[in-house]
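The values are calculated or read from the model by the stated rules, or taken from the named source; none is laboratory data. Computed from a predicted model, the values in this text were never measured in an experiment. Methodologically, a virtual Cβ is constructed for each residue, glycine included, from the backbone with ideal geometry; neighbour enumeration extends over all protein chains shown. Each accessible area value is taken on the protein alone, full model and side chains, heavy atoms only, with ligands, DNA and RNA left out. Shrake-Rupley method; radii C 1.70, N 1.55, O 1.52, S 1.80 Å.
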Amino acid sequence: MTRSVFRYEPHTIRTDTSAGATWEAACVTADCHEESGPQTDNEAADMWALRHAGRTGHMRFRRTVTGFADVTR
């Protein structure tokens with residue numbers, strides 16, 4: 001029989017503000033697969049959705065924010 005000893009250490013997770021974040025908007029109307037692509041700020045993704053809605057009449061979007069985190073002991 002093999003015995004193991006586990007040692008647990010506390011970890012902390014924090015937002016990495018130096019890496020920035022990206023925002024994306026995607027139309028979820030049936031048969032429409034248009035997306036804003038990664039944007040460097042929230043307003044750019046929102047403006048894309050507003051222009052798309054005005055041009056097509058599509059009114060439902062998925063918004064995604066991607067950020068980064070650092071874990072330390």
Checked segment 25-37 for anything within 19 Å of the chain's Cα centre (by Cα), part of a loop (DSSP other than H, G, I, E, B) and not hydroxyl-bearing (S, T, Y); matches are V28, H33, E34, G37
Those residues of segment 29-73 which are β-branched (V, I, T), under 29 Å from T15 (Cα atoms) and open to solvent by less than 70 Å² (accessible area, probe 1.4 Å) amount to T64, T66, T72
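Any idea which of R62, R7, R51 is in contact (Cβ under 8 Å) with a residue 24 or more places away in the chain and either at negative phi or not in a loop (DSSP other than H, G, I, E, B) (or both)?
Details: R7 fails: in contact (Cβ under 8 Å) with a residue 24 or more places away in the chain; R51 fails: in contact (Cβ under 8 Å) with a residue 24 or more places away in the chain.
Only one candidate qualifies: R62.
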message: Any residue at all in segment 8-27 that's exposed (fewer than 12 other Cβ atoms within 10 Å of the Cβ), among the aromatic types (F, W, Y) and farther than 27 Å from F68 by Cα?
response: no
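Kindly provide the set of residues from segment 29-44 that are of a type in the set (S, T, Y) and more than 12 Å from R62 (Cβ to Cβ), ordered by number.
Kept after step one, since they are of a type in the set (S, T, Y), are these residues of segment 29-44: 29, 36, 40.
Answer for segment 29-44, where residues must be of a type in the set (S, T, Y) and more than 12 Å from R62 (Cβ to Cβ): just T40.
Confirm whether T40 is of a type in the set (S, T, Y) and within 14 Å of the chain's Cα centre (by Cα). Show your work before the answer.
Details: of a type in the set (S, T, Y): yes; within 14 Å of the chain's Cα centre (by Cα): yes.
For T40, the condition - of a type in the set (S, T, Y) and within 14 Å of the chain's Cα centre (by Cα) - is met.
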